[in-house]
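Asks: Could you have a look at this structure, given as structure tokens, before my questions?
The values are calculated or read from the model by the stated rules, or taken from the named source; none is laboratory data. Everything numeric here is computed off the predicted structure, so don't read it as measured data. Glycine gets a Cβ as well: all are built from the backbone with ideal geometry, and neighbour counts include every protein chain shown. With ligands, DNA and RNA removed, areas are computed over all heavy atoms of the protein, side chains included. Shrake-Rupley method; radii C 1.70, N 1.55, O 1.52, S 1.80 Å.
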Amino acid sequence: MKLRGELFFVKQLGLRFIGLLSVWMICRISFYIFNTDAFPIDGIWSFFKLLFFGLRFDLAALVYVNSLLALTYIVPFSLRKNLTFQKVQKWIFILTNSIALIFEVGDMGYFRFAFRRAIGSDLNLIGETTNMAFQFFYDFWYLIIFYGLMVSLLNFIYKKTTLPTPSIKFNFLIQTLIFPVVVGLLVLGMRGGIQLRPIMSLTAAQYVNDMRLMPLQSNTTLNLLFSVQQNFIEEKEYISVSYTHLTLPTNRE
């Protein structure tokens, strides 16, 4: 019973992640509904299989996004029982996941133009195509409503997964021992398992028979997290702009 009480914050964090997995699952199903013609799924069983293995990708993305939140739950300090600190935790939960949802929901419409999940280089296009943003919001106004519903669902899940803090005095030594164990589990979650290389969007190829299903197997959050780390080809300038306006002399006899 004592150990069960010591694991309270771990249990609380686990419930948060379960709730988030359900939100990302809804996003994956909605991604399919909005782009049904692009995904040739062979039967309902194949679809459920895709959803099941998609949890691995979602968990990896969610651990990255919620790493700060996770630390606030497992640091072995009594501050975790403070009401103000718990309010800060809620805002971290809502803010970080709301930002991630912007890309998950927005990609449902963007996929129709790119036929792939958004990558880091696509973010550079935002500043260059601001005039098209209004047209995008006009054409996909229903995604704005859907995004609002998902954010509301985040708030609902947070309330439903909030447990009353026990009045026991937590053992600092036990809490300190719990810390590295949970950190290890979080690292495994980020990596998607104990395999040599961490899970990434390309890993989706292992779970699908048709490569066209890869965007549906993965998620936009994970795609962006890994693509922004890539080294893109640097544009080289071999001739100065000033020289491009010079005219070559003509040969005269």
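Asks: Anything in the stretch 123-157 that is modelled with pLDDT under 75 and charged (D, E, K, R)? List them, or say none.
Replies: Listed by number, the list holds a single entry, Glu128.
Asks: If you don't mind, another one. Counting only residues that are farther than 17 Å from Ile102 by Cα and touching a helix residue (DSSP H, G or I) at 6+ places or on another chain (Cβ under 6 Å), how many does the stretch 33-49 have?
Replies: Going through the stretch 33-49 one residue at a time, the tally reaches 3.
Asks: Okay, next question. Just to verify a result, which residue in the stretch 165-185, among those that are among the aliphatic types (A, V, I, L, M) and under 14 Å from Arg4 (Cβ atoms), is modelled with the highest pLDDT?
Replies: Among residues in the stretch 165-185 that are among the aliphatic types (A, V, I, L, M) and under 14 Å from Arg4 (Cβ atoms), the one modelled with the highest pLDDT is Ile178.
Asks: Looking at the stretch 188-202 only, could you name the residues that are of a type outside the set (Lys, Arg) and closer than 15 Å to Leu225 by Cβ?
Replies: Within the stretch 188-202, Gly189, Met190, Gly192, Pro198, Ile199, Met200, Ser201, Leu202 qualify.
Asks: Filtering the stretch 85-114 down to residues that are more than 18 Å from Asp37 (Cα to Cα) and basic (Lys, Arg), which residue is most open to solvent (accessible area, probe 1.4 Å)?
Replies: Lys87
Asks: Could you tell me which numbered condition Trp91 fails, if it satisfies all but one of (1) within 30 Å of Ile168 (Cα to Cα); (2) touching a helix residue (DSSP H, G or I) at 6+ places or on another chain (Cβ under 6 Å); (3) modelled with pLDDT of 95 or more?
Replies: (2)
Asks: Regarding Pro215, is this residue out of contact with any helix residue (DSSP H, G or I) (no Cβ under 6 Å at 6 or more places or on another chain), open to solvent by less than 30 Å² (accessible area, probe 1.4 Å) and modelled with pLDDT of 90 or more?
Replies: yes
Asks: Which of the residues spanning the stretch 161-181 are free of Cβ contacts under 8 Å to residues at least 60 places away in the same chain and either open to solvent by 100 Å² or more (accessible area, probe 1.4 Å) or within 12 Å of Arg80 (Cα to Cα) (or both)?
Replies: Pro164, Ser167, Lys169, Leu173, Leu177
Asks: A follow-up question, please. Looking at the stretch 1-27, which of the residues that are more than 21 Å from Lys159 (Cα to Cα) and open to solvent by 10 Å² or more (accessible area, probe 1.4 Å) is modelled with the highest pLDDT?
Replies: Within the stretch 1-27, the match that is modelled with the highest pLDDT is Arg4.
Asks: May I ask you to list the residues in the stretch 44-65 that are among the small types (Gly, Ala, Ser) and either open to solvent by less than 30 Å² (accessible area, probe 1.4 Å) or touching a Pro at 6+ places or on another chain (Cβ under 9 Å) (or both)?
Replies: Correct list: Gly54, Ala60, Ala61.
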